[in-house]
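The values are calculated or read from the model by the stated rules, or taken from the named source; none is laboratory data. None of the values given here were measured: they were computed from a predicted structure. Cβ sites come from the backbone with ideal geometry, for glycine too, and all protein chains shown count toward neighbours. Ligands, DNA and RNA are stripped out before the accessible areas are found, and what is left, the full protein with its side chains, is counted by its heavy atoms. Shrake-Rupley method; radii C 1.70, N 1.55, O 1.52, S 1.80 Å.
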Amino acid sequence: MEAKIKNIKDQLDIQLKKCKTVQELNEIKVRFFGKKSELSSLLGKIREISPEKRPIIGKLINDAKQKIGQAINHKKRELEDIAYQTSLEKELLDITMPANVPQIGARHPIYTVQEELEDIFSYLGFEVAEGPDIETEYYNFDALNTPKNHPSRSIRDTFYTKSGALLRTHTSPVQIRIMEKYQPPIKIVAIGRCYRNDKPDASHMPVFHQIEALVVDEGISFADLKGTMDYFVKQMFGVNIRSRFRPHFFPFTEPSAEMDILCVNCKGKGCRVCKGSGWLELGGAGMVDPSVLEEVGYDTEKFTGFAFGFGIDRITMLKYNIPYIRILFQNDLRFLKMHRA
Ligand SMILES: [Zn+2]
């Protein structure tokens, strides 16, 4: 019996010396400790031994078990140390490897242009005003002298909510909200998103950005409008870009005009951008209709005003040579990176 136990221990030593991996070690553990191991069968035979010798043999087997366990655990730690060292060597920092450059955010071209507009008008003494995107019919149409049957009120043109509110179709409601609160002199620009039920095409989207200027004071004339407009165009597009007015009609201004600027692409010669005309339509303008001023309780004998507005998207497209308005809303990272300010 003692010889057998000694033999098991010798066998184990040989096997442990050959063992190279944790997996091999686990196999060894099963072979020497498992139910089918020699040690187990020896324990099974202990009843066959005479009662006097039984405790001695029992102790021998248990000692052997303990020593085998210790030897296996010792080997396990040794193998784990080796595995750890190997992994460290493999993971050694390679400082020549190219780093992952973090993606840096960029300002959208529309907001770059918006800031530029704010700067130009701030210099002229305008304050930037804001209003809600969701408006009532009163602020968007009624207070702006828009007849009840005007086509712009139809659901084909305007988005209404179930509760009867609407998504503002222009920044003009901000004019009313400001004039309700303050007495002249008023000198503001309202900037923001507007919404119209337009089918998307090269120059239309259901959402777009507008800027609108309003001046109300004593003695404000059409000449002030023209002067402000011209200053803005030259600041924004260059000193040789002229502007002009063409008679038009808007419910909230009288007289009203459409504003054109000399084509920024061909400087008036005629090209694809201006469709050969040499001019580009910029937006609408006019003297504030006295009925709008009366609506907010201003003395129309004393005060007059002008207003003009235009699309920021259109200006952004001209400035960055963007062919389709859609590109401004797609958030394509390649486009945004190209125009990183
Ligand atoms: Zn042109």
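A few notes on this one:
- For the chain, with all protein chains in place and a probe radius of 1.4 Å, 53% of the accessible heavy-atom surface sits on carbon or sulfur.
- The chain, relative contact order [Cα under 8 Å, separation at least 6], %: 15
- With R₀ fixed at 56 Å, the C-beta to C-beta distance from Ser221 to Thr96 puts the FRET efficiency at about 0.20.
- Share antiparallel - DSSP beta bridges, the chain, percent rounded to 5: 95
- For Ala129, the residues 5 or more places off, or on other chains, whose built amide H falls under 5 Å of its own are Val189, Ala190, Ile191.
- Mean-position separation - Cα centroids, the range 247-298 and the range 34-112, in angstrom: 81
- Rounded accessible area of Ile14 (nearest 10 Å², 1.4 Å probe): 90
- Projecting label points 7 angstrom from Cα along Cα→Cβ for Asn149 and Glu127 puts them 4.1 nm apart.
- Partnerless cysteines, meaning none of the other Cys C-beta atoms lie under 4.7 Å away, in the chain: Cys19, Cys194
- Nearest-ten-degree value, helix 222-237 long axis tilted from longest Cα axis of the chain: 40
- Residues Thr171, Thr228, Thr86, ordered by accessible area of protein heavy atoms at a 1.4 angstrom probe radius and largest first, appear as Thr86, Thr228, Thr171.
- Annotation for Glu89 and Ile56: the two label points, set 7 Å from Cα along the Cα-Cβ direction, are 5.1 nm apart.
- Where labels lie 7 Å past Cα in the beta-carbon direction, separation of Ser40 and Arg77 in nm: 2.8
- Charge tally around Ile261: other residues with Cβ under 9 Å, Lys/Arg +1 each, Asp/Glu -1 each, net 0.
- In the chain, the longest principal axis of the Cα atoms and the axis of helix 22-33 are about 40 degrees apart.
- Extension reserve of the Tyr324-Glu118 stretch, reckoned as 0.36 nm per residue once the Cα distance is removed: 71.7 nm
- To the nearest ten degrees, helix 54-90 and the longest principal axis of the Cα atoms of the chain are 30 degrees apart.
- Of the cross-linked pairs Lys29/Lys67; Lys4/Lys59; Lys18/Lys53; Lys199/Lys226; Lys20/Lys45; Lys181/Lys319, those separated by over 24 Å at the C-alpha level are Lys18/Lys53; Lys199/Lys226; Lys20/Lys45; Lys181/Lys319.
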